[in-house]
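The structure under discussion appears below in the form of structure tokens.
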Amino acid sequence: MKPSSLLEVRGLTMRFGGIVANNDVSFDVADGSITALIGPNGAGKTTVFNCLTGFYRASGGTIHLATAAGAPVEVGSLLDKPFIGGSYLVARAGIARTFQNIRLFREMSVVENLLVAQHQRLDRNVLAGALGTRKFRQTERDGLARAFHWLEVMGLTADANRLAGELPYGRQRRLEIARAMCTGPRLVCLDEPAAGLNPRETHELSELIRTLRSEHRVTVLLIEHDMSLVMGISEHIVVLDHGEVIAAGNPETIRSSPAVIAAYLGAEEAEVEGGEGTR
């Protein structure tokens, strides 16, 4: 892997029977960057996310994640562990994600959602719980402290004891990001985080993503259709069309690419230049 890369994707291919959703997709995500994956509906963006995060096993290619210890992990190898979900092991390796359609535990409280996300960090020994051992009590305290830390970062502290399903939509989006962050990721993958948000909430989201990168040392990879958000916060953009990478580069490169304009931006380019978002 390149010294500056946190994630390297090489030749990623995903087939569903005779349908090729991704074909020879290659890109890098630099450590400490905000990288966007864009493209028209059906371009294969979420399929890439599902392969990165262990929900799908790619039909071909490799996905390498640099680790804190230095040796990269091949995501595909994590899916070979018997009896353990691939997404669980990928999360433990340092990749967390949110979903295009919010997937909270709606009948649990806000803080309980964040504690559930930390199950691999907590002491799950039944006997230790029954006896209330020192280690068990300490992990419980640490879990609560971590949950309230991220509630504060997301501006959700006052909602800690509310049911997650009762929160307004925009705050549910923030809670889902907080839940991802409670796993302690090095890379967080945000799948259309601005979907359904109003302009004020979208602006607040862009500031939040910058904060995650600058203050909490997290690398961000996002899928997004709001071009004003993408162009405003991304350092590197990868463009997919029909499952293949058609362009990659900084926002200025992507904005002026004829292939991108033809395949995705089209007439919306004028709106992007004027600073208006698109969905």
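The values are calculated or read from the model by the stated rules, or taken from the named source; none is laboratory data. Keep in mind that this is a model prediction, so the values were computed, not measured. Cβ atoms come from the backbone with ideal geometry, glycine included; neighbour counts cover every protein chain shown.
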Test result for Gly76, surrounded by fewer than 23 Cβ atoms within 10 Å (Cβ to Cβ), closer than 30 Å to Val260 by Cβ and modelled with pLDDT under 85: yes
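What number of residues within segment 161-186 are assigned to a loop (DSSP other than H, G, I, E, B) and farther than 30 Å from Ala68 by Cβ?
Counting residues in segment 161-186 that are assigned to a loop (DSSP other than H, G, I, E, B) and farther than 30 Å from Ala68 by Cβ gives 4.
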Qualifying positions in segment 18-53 - buried (at least 23 other Cβ atoms within 10 Å of the Cβ) and under 14 Å from the mean Cα position of the chain (by Cα): Val29, Ile34, Ala36, Leu37, Ile38, Lys45, Val48, Phe49, Cys51, Leu52
Any hit, segment 168-175, residues being of a type in the set (A, V, I, L, M) and under 17 Å from the mean Cα position of the chain (by Cα): yes
Within segment 1-65, strands (runs of 3 or more DSSP E) holding 1 or more residues that are of a type in the set (A, V, I, L, M) and closer than 18 Å to Ile246 by Cβ: 5-16, 19-30, 34-38
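Among the residues that make up segment 60-70, is at least one of them at pLDDT below 85 and over 15 Å from Leu187 (Cβ atoms)?
Taking segment 60-70 as the starting set, the residues that turn out to be at pLDDT below 85 are 67-70.
Then drop every residue that is not over 15 Å from Leu187 (Cβ atoms), which leaves 69-70.
For segment 60-70, residues at pLDDT below 85 and over 15 Å from Leu187 (Cβ atoms): present.
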